[in-house]
Amino acid sequence: MKPLSVLIHTLAIGFAATVLSSCAPTLTTAYQLEPVSGDLATIDGRAVTKAEQNGVGVVASFEREDMEFITLDIEVKNRTDHSIDVNPADFHFTALDGAHNTLTDPNNPSLELTRPAADPTYEAGRMNMKRKQEEKRLKTAKVLNTVLMVALVASDISSSSNSHSYREYTTNRVTHGLGYQGLAVKRAIDYSNFANRMQRYDYEEYRWRELALKANTLAPGESVRGFVYFPKASAARYLAINYTVPELATVPLLFKQDLVQEKKNRRRR
């Protein structure tokens, strides 16, 4: 098959696949966490745990799954007689299996699977870089789409002039028609992905600046509250979370993790 024919068939197949996949059901996995250690209580229908060590208190509950993170609503209280520094990046978890055995890191089997919570200051600083990368990706897609259109038009003209029968002519028209539609779909997807990702980055920036727990210095008797974002660990059945104030306290929290599959139907609009 000639290169231009391969191009046409690829665009046609891509168009057909897009149409079919738009109606296909999809399975999504939802994360659900529940505290199973500390002083447990139910507040407004939500399971909440409280733990304290050496005057450093932590109140925590599962908030929601948020893109690539799981989110805990956390309040840190300073019950000591001096100021303490609070930093969300000082929260860490160790992933455990159903028997509370530590899981190994899939990237390095010699290490335990442990991860720090996201640092909001660092993550917020990456937003401009992410937006620039997305603009560069769209620009590259535009160049590729232009090249594809030129090749598609050239193939259309060449094959139409070389058609020796009505059947060949009809086949060429149908094939190239699907090719044009496929290219139009690709362009629409490129712009849709760009818009969706830029909107996502706007939300991420808002998340890190307005919702996340901030680094603070707490005077005695003060507290601070916000969301703490942990990377997902799908293999874990328990997350052993520790909040560490260097040379003062390590506050332990244990959450049970369940993954629930949900079936959603995708419909064409």
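With r as the distance between the Cβ atoms of S110 and K214 and R0 = 41 Å, compute the FRET efficiency 1/(1 + (r/R0)^6) and round to 0.05.
After rounding to 0.05, the efficiency reads 0.70.
In whole Å, what are the Cα extents of segment 74-119 along the three principal axes, biggest one first?
42, 24, 17
Once Rh is set to the Kirkwood radius over Cα pairs, what Stokes-Einstein translational diffusion coefficient, in µm²/s, holds for segment 192-262 at a temperature of 20 °C and a viscosity of 1.002 mPa s?
Approximately 137 µm²/s, per Stokes-Einstein.
Convex hull volume of the Cα atoms in segment 37-95, per residue, in Å³?
112
Provide the convex hull volume over Cα atoms per residue for segment 69-194, in Å³.
Given the Cα convex hull of segment 69-194, per-residue volume reads 230 Å³.
Rounded to two decimals, what is the ratio between the C-alpha radius of gyration of segment 126-207 and 2.2 N^0.38 Å?
Ratio of Rg to 2.2 N^0.38 Å for segment 126-207: 1.58.
How do the peptides 185-192, 115-122 rank, highest first, by the average count of neighbouring beta carbon atoms within 10 Å per residue?
Result, highest mean first: 115-122, 185-192.
Full extension from D258 to M67: what is 0.36 nm times the residue separation minus their Cα-Cα distance, to one decimal in nm?
Computed gain between D258 and M67 is 67.1 nm.
FYI, it's all coordinate maths here, none of it is from the lab. This is a predicted model, so every value here is computed, not measured. So basically every Cβ, Gly included, is an ideal-geometry build from the backbone, and we count neighbours across all protein chains shown.
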